[in-house]
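Undergrad: Before I ask anything, here is the structure I am working with.
The values are calculated or read from the model by the stated rules, or taken from the named source; none is laboratory data. Just so you know, these numbers come straight off a predicted model, no measurement behind them. Glycine also receives a Cβ, built like all others from the backbone with ideal geometry; neighbour counts cover every protein chain displayed. Surface areas here come from the heavy atoms of the whole protein model, side chains and all, with no ligands, DNA or RNA. Shrake-Rupley method; radii C 1.70, N 1.55, O 1.52, S 1.80 Å.
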Amino acid sequence: MGMTMSQKILAAHAGLPEVKAGQLVEAKLDLVLGNDVTTPVAINVFEENGADSVFDNTKIAMIMDHFTPNKDIKAATLVKQTRDFADKYNITNYRDVGEMGIEHALLPEMGLVGPGCLCIGADSHTCTYGALGAFSTGVGSTDMCAGMISGKAWFKVPSAIKFNLVGKPQGYVAGKDVILHIIGKIGVDGALYKSMEFTGEGVKYLNIDDRLCIANMAIEAGAKNGIFPVDEITREYCDGRYQGTPVAYEADEDAVYDEEYTIDLSEIRPTVAFPHLPENTRTVDEIGETEVKIDQVVIGSCTSARRLTCLRAKSSLRAYAVL
């Protein structure tokens, strides 16, 4: 029986010739990530268990981004705890004010994640790095702690859903519109603990920003991870940037998928999610002339801080913040 892209990465890092959906494996990690909210909890568990070393000080990233610059004394205390730990164990990828940024945008730019790597992070949107052909997924702070100590983590091998992307996006349609369209189609639990694997000739029309956004929001459909195949666009982005050794994994022709969907990118329209779930999607056409009063727009977040679409209708400005 063939394997999916995600299953091949897990098998390689577990030192196994093959794995199957539902199987429990222990796999070696290429990167462990934490931020200023989740890392202090991991440090507490680390110290409570009497640990006195990390598995590799170059394969741990601590990015201070949620409450940095610090908003109050409590936030400053959490960052100080993390900073002291990073100093003690010489964590080379510690980033604070002046060097920090949105963690899931920063790590690819720093070259810490890339094709074929296995990454866990104490943040649900760690699935972002599947855009580069990596298996990355969010975990709890205790799992982060275990990863920092041992360099390994337990995984239940996920089954997968295949999304065959065809056609070319039109107009202002970008990655955020694509993933919202998909979530609107399958729901917020439509990929529960599964791998969302994106493939097809339409992938070549999605740039790295688009892919990072799509993979990032796999968790919003309940997925374990989202992943794209490694192609020339991926290689061009990672060339001279990715610090590891890139390995491209392709799904076998006889790989088993729970479901398969064909998504025609040329038919997708600019899409937004209304309260209170990402599955409550509406296209710009469905919104029509409805006046939507906007009190505040945030240009940022780990999902797609690189893109903001503004549509002007008549004399009013309607901003659709791609967050």
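Undergrad: With a cut-off of at least 1 residues that are among the charged types (D, E, K, R), open to solvent by 10 Å² or more (accessible area, probe 1.4 Å) and touching a residue at least 24 places away in the same chain (Cβ under 8 Å), name the strands (runs of 3 or more DSSP E) lying wholly within segment 115-220. Even if it seems obvious, please write down each step before you answer.
TA: Details: elements: 118-121, 135-138, 152-156, 160-166, 195-199.
So the answer is 152-156, 160-166.
Undergrad: Considering only residues that are acidic (Asp, Glu) and in a loop (DSSP other than H, G, I, E, B), which ones fall in segment 221-244? Can you show your working first?
TA: At the first step, the residues of segment 221-244 found to be acidic (Asp, Glu) are 231-232, 236, 239.
The answer is Asp231, Asp239.
Undergrad: Out of all the residues in segment 39-56, is one or more assigned to a loop (DSSP other than H, G, I, E, B), among the hydrophobic types (A, V, I, L, M, F, W, C) and under 30 Å from Asp254 (Cβ atoms)? Give the steps one after another, and end with the answer.
TA: First, pick out the residues of segment 39-56 that are assigned to a loop (DSSP other than H, G, I, E, B): 49-56.
If we keep only those that are among the hydrophobic types (A, V, I, L, M, F, W, C) as well, we get 51, 54-55.
Of the ones still in play, those that are also under 30 Å from Asp254 (Cβ atoms) are none.
No, there is no match, as no residue in segment 39-56 is assigned to a loop (DSSP other than H, G, I, E, B), among the hydrophobic types (A, V, I, L, M, F, W, C) and under 30 Å from Asp254 (Cβ atoms).
Undergrad: Out of Phe67, Phe85, I need the residue that is touching an Asp or Glu at 6+ places or on another chain (Cβ under 7 Å) and more than 28 Å from Cys238 (Cβ to Cβ). Which one?
TA: Details: Phe85 fails: touching an Asp or Glu at 6+ places or on another chain (Cβ under 7 Å).
The unique qualifying residue is Phe67.
Undergrad: Related question: Just to be sure I understand, how many residues within segment 140-153 are more than 15 Å from Val54 (Cβ to Cβ) and out of contact with any helix residue (DSSP H, G or I) (no Cβ under 8 Å at 6 or more places or on another chain)?
TA: Final tally of qualifying residues: 1.
Undergrad: Still on this structure, please answer the following. Do you know which residues across segment 278-305 are part of a loop (DSSP other than H, G, I, E, B), free of Cβ contacts under 8 Å to residues at least 12 places away in the same chain and open to solvent by 70 Å² or more (accessible area, probe 1.4 Å)?
TA: Of everything in segment 278-305, those that are part of a loop (DSSP other than H, G, I, E, B), free of Cβ contacts under 8 Å to residues at least 12 places away in the same chain and open to solvent by 70 Å² or more (accessible area, probe 1.4 Å) turn out to be Thr290, Lys293, Asp295, Gln296.
Undergrad: Residue check, Asn90 against (1) at pLDDT 95 or above; (2) open to solvent by 10 Å² or more (accessible area, probe 1.4 Å); (3) of a type outside the set (Val, Ile, Thr); (4) part of a helix (DSSP H, G or I), all met but one. Which one?
TA: Condition (4) is where Asn90 drops out.
Undergrad: Which condition number in (1) under 25 Å from the mean Cα position of the chain (by Cα); (2) crowded, with 19+ Cβ neighbours inside 10 Å is the one that Phe85 fails?
TA: Tallying (1) under 25 Å from the mean Cα position of the chain (by Cα); (2) crowded, with 19+ Cβ neighbours inside 10 Å, Phe85 fails exactly one: (1).
Undergrad: Just wondering, is there one or more residues in segment 44-51 that are among the acidic types (Asp, Glu) and either open to solvent by 70 Å² or more (accessible area, probe 1.4 Å) or over 21 Å from the mean Cα position of the chain (by Cα) (or both)? Can you show your working first?
TA: First, the residues of segment 44-51 that are among the acidic types (Asp, Glu): 47-48.
Then drop every residue that is not either open to solvent by 70 Å² or more (accessible area, probe 1.4 Å) or over 21 Å from the mean Cα position of the chain (by Cα) (or both), which leaves 47-48.
The answer is yes, given that some residue of segment 44-51 is among the acidic types (Asp, Glu) and either open to solvent by 70 Å² or more (accessible area, probe 1.4 Å) or over 21 Å from the mean Cα position of the chain (by Cα) (or both).
Undergrad: Let me ask you something else. I'd like to verify a number: residues in segment 247-277 that are surrounded by fewer than 13 Cβ atoms within 10 Å (Cβ to Cβ) and of a type in the set (Val, Ile, Thr), how many?
TA: The total comes to 1.
Undergrad: Consider Ile63 carefully, then state whether it is buried (at least 23 other Cβ atoms within 10 Å of the Cβ), more than 30 Å from Ala255 (Cα to Cα), of a type in the set (A, V, I, L, M) and in contact (Cβ under 8 Å) with a residue 40 or more places away in the chain.
TA: Details: buried (at least 23 other Cβ atoms within 10 Å of the Cβ): yes; more than 30 Å from Ala255 (Cα to Cα): yes; of a type in the set (A, V, I, L, M): yes; in contact (Cβ under 8 Å) with a residue 40 or more places away in the chain: yes.
So Ile63 passes the test.
Undergrad: Let me ask something else. For segment 15-28, how many residues meet the condition of being among the hydrophobic types (A, V, I, L, M, F, W, C) and either without any contact (Cβ under 8 Å) to a residue 40 or more places away in the chain or open to solvent by less than 10 Å² (accessible area, probe 1.4 Å) (or both)?
TA: Within segment 15-28, the first condition is being among the hydrophobic types (A, V, I, L, M, F, W, C), and the residues that meet it are 16, 19, 21, 24-25, 27.
Then keep just the ones that are either without any contact (Cβ under 8 Å) to a residue 40 or more places away in the chain or open to solvent by less than 10 Å² (accessible area, probe 1.4 Å) (or both); that gives 16, 19, 25, 27.
Summing the residues that are among the hydrophobic types (A, V, I, L, M, F, W, C) and either without any contact (Cβ under 8 Å) to a residue 40 or more places away in the chain or open to solvent by less than 10 Å² (accessible area, probe 1.4 Å) (or both) in segment 15-28 gives 4.
Undergrad: Read through the list (1) closer than 28 Å to Glu18 by Cβ; (2) under 22 Å from the mean Cα position of the chain (by Cα); (3) not acidic (Asp, Glu), then give the number of the only condition that Ala255 fails.
TA: (2)
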